[in-house]
Every structure is written in structure tokens, then in C-alpha cells.
Amino acid sequence: MTHRLFTAASAVALSLIASSVVAQDFRALARQDLQAAHAALRDNHPAAVIPGAASEDFRAWLDAGLADALGKVGQVNSGDSHAYLMRYYGAGFRDSNITLRPTFEGMGPYFATNWPGYTTGWRDGQYVVTWVKPGTRGAPAVGSIVTECNAQPIEEYARGKLDLWEGDLDTEAGRVRSAPYLLWNRNNPFAGGVPQTCKFQVGNRRPRDMEVRPQPVDAASLEQAYRATVYMPGAVPLSVETVNGRPWVNVHSFADSAGWDAFNSQVEGQVSALRGPQGFVLDLRGAGGQSYTSTARGYGLANRIWTPEFTVSRQPAAGEITYRATPGNRQWFADTLGRMQADPRFVTESAPVIEETQAVVAAFDAAIAAGQPTFTLAGRPPVADSGVANPVQGPVVVLVDAGCSGGCLDTLDLLVRLPNVRIVGTTTATDTIFIEPTTLRLPSNYSDLSYGHKAWTSRERANNQPFTPAQGLVYTGNPADETAVRTWVGSLF
């Protein structure tokens, strides 16, 4: 339900050429963008007017975070530093659907300006050295625990270096995916680069103080270090293969561009095997899904395997959806309705969606005319179980990790309601009850603001609650060791 029906107009990617960068006053642009983002969120985000615990982080950060970010504007001197400060303000809401992203191609996960020649991962609540470039002098051993950097306890150091800049350290997923950057210089002027010294502990020995020497970077080593620490999908995100005699369904992306037509045909061609008594694995590691179609992709896959007749009565109850009645939010729905009506194929295939959107626009008009700050609409009513037998005979293992986000979590909301399904692996990302994003271009043209414009206050899974595998179903080994992962998963059958 996070991104169920709608999308804003896609942003056009911008390239920063040297002459335009020199000409820009990025401090002024950052100040302007921060104030514009604050105003848009203040005037349109549901959390500003909906009471409850899910809104507390929003209200606490909206003004305080703006003041905090504006206090850092003096350090903005480039497109990268502008992007970091925008990200900082957006991430401070602790809401996965509030983001401030650059409109130009960013640095990517494998970027640094220098580094010590090794990297760290988040393992069992600690930062641990996971990879060392061969030939690096004075490097700690793989497996060493980082206990302190620059005379700061490692938690304090990590908060200053990573939290809100690289990930949300209040979440397990944010820890996992940002951990490789603990000792890297990512060209973030607000958080510092490679530390001067750190303490590393091996086993039960006393921590040893070591100088951390910056090294020149090469792209291949940075990528190898990150991939040795955090699971990253390969070049083919969607596929079905056979592992240890049973189907292994790979879904490592919910993006529209992932190749869904061919993949769905492959699933349909092997549906008999998927429903067999030997069971199958559904691998959702790294399956980020921020597109409005993500949930439909996941539900469509479940329907192909279990049939719609079996899944429909087990889908999570939609309950009530609360909208904030503002002209800005109303305009987004009106624009979306116009795009739907202008698409002949959509008119033919999705008439009920158009009718639903028309009703939403009419409800906006009525609420705004009456001066109401919000209005509530009922979601899809629950469907009674028709008694259709489960077509899947065997056990189903659903493998997840910190990369499972957005529509992947919506898909899990359905899968956990199906019989003989177990969620295994490691803790997923979190998601908010403030759903279905509006995307706005900020005044600089270098950043887009996205935010959820309605509240799923009746969602059964709580706000920012991840999926955590039950005891005995948690993978504790190296997430980048594919052979070990598959051996462990095979032992669960």
C-alpha cells in the first residue's frame, strides 16, 4: 500500500558541468531549498495535523531540524555538500517517505575521495572490520571490532559521521547499509573524513590504538569492499533458478525497469514446480521498492504462485486512509487524474482507479470548502475466505535483509498471512504510515522533495516497524558469502 496507485511526474536528471557549478552560490541555494522544503511539509504533510505517536518525530524535527540545518549552511560549497545537507534535513524526520534527493547523478554507494584501505560492517551490534585491501600496511585484521575513533566511543563517533548523512542509525537497516562508510572520506564536509586514530579489539584482548592512514582510492577496490560487507544484487535482479533441487525465485528489485514481463512469464512457466511438495525460496534481499507500482508487482507475483482466489481474502485490511485537505495535495491528485484520463490504455484497463481518483478529488473539494484540515475515506473492504484450497503444497522460505524496503515490505504484509511461509534472514528496512509520495522540485533545481501525502492510520503493522525473522531463522553469517547463505537456507527445509 506504500506506493499503490499513483506517481508524480518523473524528474529529469540534471548534469552538473564545471562552469555551472562555479557560477552557483550553493549556500544561498541550500538556504532557499531548506526553507522551501520546510514550508511544503508544514503546509501539506499529514503528520502536522494528525495526532499520535507516528507524528511525533515529524513535529519535533520540522522547525528544530530546519534551524539545525540552516546553522550548517556556511559549510556548503559544492553540489555534493548541498546534497548532503538536504539529505540531513529530510532524514531527520525518521520517515522513509520524506526524502530530499539530488536531481543530478549522485556519488553512488561505491564512492570515496580517500579511505584507509579497509572497511567495516555492522555485525551483531558492533562495527567490525570486514575487508582489507591486499598490501595495505598497518591495517587491522578482518574481524577486529572498532571500539573508538578520534578518542570518541564508537557509537558517538558513528552518530556524528553517519547518522542522517548516510543512513538512519535508529534502524538496523540504516546501520547495515551505512557501516562501510564509518572510516571512509565521502566528501561530506559536515562529518569529516578518515579518522586519525581508532581502537581495534581482537577477541578478548584489550583494544589496541592504531593510526588510520588515508590511502588513494580506486573504484574497483571500493566496490569490492562494499560488496564484501553488504549484500548487493547482481546485474539480473529477477530470475528463477534451481538450487538444491528446489526453485529459488530471485526478486532483488521492484523497479519497473527490472524486466517484469519476462520474469512473470518465467514464473508462470514454472508454477507447477513452485507449488510442488519440495517447497521453494523467495529471495527478496536488496529488493528496494519506491515506485508506486511496487506493491502491485509483489501482489502480482503472489497471485501467480498462489492464485488471486487464494490470496485476496488474506490481503491486509486497507482500513481507513486519512488525507490532509490542502490545495497542494488536492492539486497533486487532480494532475494525476488528468494524466490517467489522457492515457487511452489506462482508461481502458483501469477505469475503477480513475473513478476512485475522481472521488478523492471530490472529497478534497468538499473538505477544503468546509474548512476541514483532514478527511477520511474507507479503503477496500475485506473479502471473505471462499474456502479455496492452498495450491502451494510445500514450505516457503522468504529470504530478506536490510535492502528490503518500500513495496517489498508491503509484499511481506501479504506473505506472512499465507500458510507454511517463514520469513528468514536479517531485519528489513522500516516504512512509515504516511504513504503515497508527492514529489516536488525545489527552487535550486538541484534537489527534489518527496513526502507521503496521506496517512494509513489503521495499518496493522505499526509505523516504522520492520520485519525481523523469528529466533532460529536469523542468518548470522557473512551476508556477502552467497555459498554460505544458500547452504544455510537449504538447512531450513
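Listed values, structure above:
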| item | result |
| --- | --- |
| Any hit, region 75-92, residues being in a loop (DSSP other than H, G, I, E, B), open to solvent by 30 Å² or more (accessible area, probe 1.4 Å) and under 28 Å from residue 430 (Cα atoms) | no |
| Considering residues of region 371-388 that are more than 30 Å from the chain's Cα centre (by Cα) and open to solvent by 70 Å² or more (accessible area, probe 1.4 Å) only, the residue nearest to residue 43 (Cα to Cα) | 372 |
| Flag for residue 157 being over 23 Å from the mean Cα position of the chain (by Cα) and surrounded by 15 or more Cβ atoms within 10 Å (Cβ to Cβ) | yes |
| Any hit, region 185-200, residues being in contact with a Gly (Cβ under 6 Å, 6 or more places away or on another chain), part of a loop (DSSP other than H, G, I, E, B) and of a type outside the set (S, T, N, Q) | no |
| Failed condition for residue 278, given (1) assigned to a helix (DSSP H, G or I); (2) open to solvent by 20 Å² or more (accessible area, probe 1.4 Å); (3) touching a residue at least 40 places away in the same chain (Cβ under 8 Å) | (1) |
| Which listed residue, of 431, 401, is crowded, with 21+ Cβ neighbours inside 10 Å, under 24 Å from residue 52 (Cα atoms) and either in contact with a helix residue (DSSP H, G or I) (Cβ under 9 Å, 6 or more places away or on another chain) or not polar (S, T, N, Q) (or both) | 431 |
| Considering residues of region 286-340 that are among the polar types (S, T, N, Q) and in a loop (DSSP other than H, G, I, E, B) only, the residue most open to solvent (accessible area, probe 1.4 Å) | 290 |
| Condition met for residue 472 (over 30 Å from residue 46 (Cβ atoms), open to solvent by 40 Å² or more (accessible area, probe 1.4 Å) and either of a type outside the set (Phe, Trp, Tyr) or free of Cβ contacts under 8 Å to residues at least 24 places away in the same chain (or both)) | yes |
| Any hit, region 109-129, residues being under 16 Å from residue 87 (Cα atoms) and open to solvent by 40 Å² or more (accessible area, probe 1.4 Å) | yes |
| Residue satisfying all of: in region 195-240; open to solvent by 30 Å² or more (accessible area, probe 1.4 Å) and β-branched (Val, Ile, Thr); farthest from residue 147 (Cα to Cα) among these | 236 |
| Residue match in region 134-151 (condition: assigned to a strand (DSSP E or B), among the small types (Gly, Ala, Ser) and buried (at least 18 other Cβ atoms within 10 Å of the Cβ)) | no |
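The values are calculated or read from the model by the stated rules, or taken from the named source; none is laboratory data. Source: prediction; values computed, not measured. Methodologically, a virtual Cβ is constructed for each residue, glycine included, from the backbone with ideal geometry; neighbour enumeration extends over all protein chains shown. To get the accessible areas, we keep the full protein, side chains included, count just its heavy atoms, and leave off ligands, DNA and RNA. Shrake-Rupley method; radii C 1.70, N 1.55, O 1.52, S 1.80 Å.
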